[in-house]
Amino acid sequence: MFKKVLVPLDGTADSERVLDWVKPFARLGAEIHLATIVDSRHLMEAHEFANLTDAVTEWADQYLAGILEEVRSEFPSTSSSRGTGAPAREILKIAEDVGADLIAMESHRGSAVVRGILGSCTDAIVRSGRLPVLVLPPGGASVLAPDKPATVLIPLDGSDLAENSLPIGTEIAAAFGADVHLLRSTTSALYAGDDFGIDVGQAWEMAIKSQEKDAGEYLDRQAALVRETVSIVTTQVSTDSGAGAITESLNDSPSTIAVMATHGRGGLRRMVLGSVTDKVIRSSHAPILVLPASGMPNAGETESDV
């Protein structure tokens, strides 16, 4: 599975809570690498640039050394490094330098001293990077992390892109002895009315039943494949919106982790993390393992509301 996890920290307790979700992976053999980034873009605005740079750098080094000592007491192979510059770029550079295959970070904005590590930086890392990113949503900082995930939620929408979540989600579940829960949301769009002799209510009900049947059969086929590796696999067809169904499922089980594939396109074409993934991260309390399309096959697939 994962061999080295990069954990960017910004000096806040919320960012450190990510470690509680990373430790289960470390117990399976993954090494932890801690990083703190001094955002030089903001330091450049200061009057006494040189003095402030030295002071902030010293603070960052002391902070990182303290966290490193604490984590090493449980995981001796833990390492650390400090970067200076644009946070997203520095985090991705450190990830490449240390050979990380997973980045884990909280999604709130960073502190006023070492700024910019979290929040919009998370978006940039998912958009620009090719590594999976374990994102702890803002609400997740107040949730007690379990010793290990009990359930791995894998939302599917029928696309090849979404199905890229299945191998890694299944591998995580098998490693932790967790269950797998496959979820698909259905929506109906009808363009009919009584003027054409069609009972809209009846047509709506028939469309929903047809979509639920097709979605259920699709999930059953995927579940059969997952059961080759994981013994307990459940499926759910929801008529709620994709983000709503995922968030509800996550919040109902605090020991669940979601695995989601996303385009993560920015700009006018897409919200920062993709519509569904972005909404889930903003609304849920559980961690989401985001798989950027740039690091997977079928990247040309269009992300839809799962």
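For the reader, a short list of remarks on this structure follows.
- Every test in (1) in contact with a helix residue (DSSP H, G or I) (Cβ under 6 Å, 6 or more places away or on another chain); (2) modelled with pLDDT of 95 or more; (3) over 18 Å from Val135 (Cα atoms) is passed by Val5 save one, and that test is (3).
- Considering residues of segment 1-39 that are small (Gly, Ala, Ser) and in a helix (DSSP H, G or I) only, the residue surrounded by the fewest Cβ atoms within 10 Å (Cβ to Cβ): Ala13
- Subset of segment 85-96 [in contact with a strand residue (DSSP E or B) (Cβ under 8 Å, 6 or more places away or on another chain) and surrounded by fewer than 17 Cβ atoms within 10 Å (Cβ to Cβ)]: Gly85, Lys93
- Residue list for segment 177-213, restricted to those being in contact with a helix residue (DSSP H, G or I) (Cβ under 9 Å, 6 or more places away or on another chain), loosely packed, with under 12 Cβ neighbours inside 10 Å and modelled with pLDDT of 65 or more: none
The values are calculated or read from the model by the stated rules, or taken from the named source; none is laboratory data. The model shown is predicted, which means the values in this text are computed figures rather than measured ones. Because the Cβ atoms are built from the backbone with ideal geometry, glycine has one as well, and the counts that use them run over all protein chains shown.
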